[in-house]
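All remarks here apply to the structure that follows.
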Amino acid sequence: MHVRVWRWAYRGLLPDDFLASMRPERRVERWTRNLAEGWLTAWVAEDDGQLVAHAGCADTRDEDAPPGAAELVMINVLEEYAGLGLGRALMETVEAHWRELGVEVAVLWVLTDNVRARAFYAHLGWLPDGRTGQYEVPGAAVPMLRLRKRL
């Protein structure tokens, strides 16, 4: 599911050869390791037993973030389920989790040219905080910006 989402959502934003080289078994290994190590908290949405969306968060990895800030590490929805409210529902679940933990500020990174994702986040109250960076994949360094939300 993760690979399918990326090949759709990042088409035209990340190099085609990078997206084509993604292998589901490598993503399964990464997910298994991240969950086992305990640094990632994740939620999924299913439709008739099929995984159709997921979200994950962790303590922020950014040294300049406010103390105790959390980070939305990922939120992915299959193309055929986009626009049905699953992303919003997952985001509400993540934010409820953060509030239970006492998190007051959250951050996330988004590709600068990812208009669809930026509109989604803006609609939910996420705003650029001035920090920029790059997402590096073989053959490209893609501009990113950090968004922030007070909870």
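Computed from the coordinates by the stated procedures, all read-outs in this text should not be read as laboratory data. Here the structure is a predicted model, which is why all the values come from computation and not from measurement. Positions of Cβ are generated from backbone atoms using ideal geometry, with glycine treated the same way; all protein chains shown enter the neighbour counts.
Normalised by the residues of the range 2-150, what does the relative contact order come to in percent, with Cα pairs under 8 Å and at least six apart?
Relative contact order, the range 2-150: 20 percent.
If Lys and Arg each add +1 and Asp and Glu each add -1, what is the summed charge of the other residues whose beta carbon sits under 10 Å from the beta carbon of A9?
The answer is +3.
Please report the net charge: other residues with Cβ closer than 11 Å to the Cβ of A140, K and R +1, D and E -1.
So the surrounding residues net to -3.
Using Stokes-Einstein with the Kirkwood hydrodynamic radius over Cα pairs, what translational diffusion coefficient do you get for the chain at 10 °C and a viscosity of 1.306 mPa s, in µm²/s rounded to a whole number?
The calculation lands on 98 µm²/s.
Charges at C-beta only: +1 for Lys and Arg, -1 for Asp and Glu. How large is the resulting dipole of the range 2-150 about its Cα centre, in Debye rounded to 20?
Computed charge dipole of the range 2-150: roughly 260 debye.
What does the charge count near W43 come to, summing +1 for each Lys or Arg and -1 for each Asp or Glu among other residues with Cβ under 14 Å from its Cβ?
Here the charged neighbours net out to -3.
Provide Y10, Y135 in ascending order of the number of other Cβ atoms located within 10 Å of each residue's Cβ, fewest first.
The fewest-first ordering by Cβ neighbours comes to Y135, Y10.
Could you calculate the contour length gain from D62 to W31, that is, 0.36 nm times the residue separation minus the distance between their Cα atoms, to one decimal place in nm?
Fully extending the segment from D62 to W31 adds 9.1 nm.
Describe numerically, in nm with one decimal, the distance between label points set 7 Å from Cα along Cα→Cβ at R150 and at A20.
In this crude label model, R150 to A20 measures out at 4.8 nm.
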